[in-house]
């Protein structure tokens, strides 16, 4: 799967408000997916820090795309559990999220993601999710 194909998956399968995050897929494959989210004023909270909700949405979306990269096609998975640890304020120009599938079974998939500030390279958050498969 290519980043261009992943862009089509975003447009075809994700809610309009998720598309408003401005995510671009930098890399997608069987091992990992990397998305880029520009930090715009709409995503910021008081103090110029990206909102936790935006970070969680980026992580969740990237983990669903990691499942697509892992199996080679979009899977209409439902997030049944999403755990996020916020490590430091997300500031700067953008956030990169790298996600991978830890294990994919017949009914569940388990994913992990790391979100880093582009300007500093420092981790902003860690996330893990359980995805229910159709």
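Summary of values
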quantity	calculated
Diffusion constant of the range 62-134 at 4 °C, which comes from Stokes-Einstein with the Kirkwood Cα-pair radius and 1.567 mPa s, µm²/s	102 µm²/s
Relative contact order for the chain, counting Cα pairs under 8 Å that sit 6 or more residues apart, in percent	24 percent
Alpha carbon convex hull of the range 3-132, volume per residue in cubic angstrom	92 Å³
Rounded Å value of the spacing that divides the Cα centres of the range 8-61 and the range 80-134	11 Å
Separation in nanometres of the label points that stand 7 Å from Cα toward Cβ, at residue 4 and residue 51	3.4 nm
Linear extension gain, residue 75 paired with residue 102, 0.36 nm per residue minus alpha-carbon span	8.1 nm
Folded to 0 to 90 degrees: helix 3-13 orientation relative to the chain principal axis, Cα	90 degrees
Over the range 84-134, relative contact order from alpha-carbon pairs under 8 Å, at least 6 apart, %	40 percent
Relative contact order computed over the range 37-93 (Cα-Cα under 8 Å; 6+ residues apart), in percent	45 percent
Sites residue 93 and residue 132 - FRET efficiency at Förster radius 30 Å, r taken between beta-carbons, to 0.05	0.30
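Values in this text are rule-based calculations from the coordinates and carry no lab data. Being a predicted model, the structure only gives us computed values, none of them experimental. When we count neighbours, we look across all protein chains shown, and the Cβ atoms used for this are built from the backbone with ideal geometry, even at glycine.
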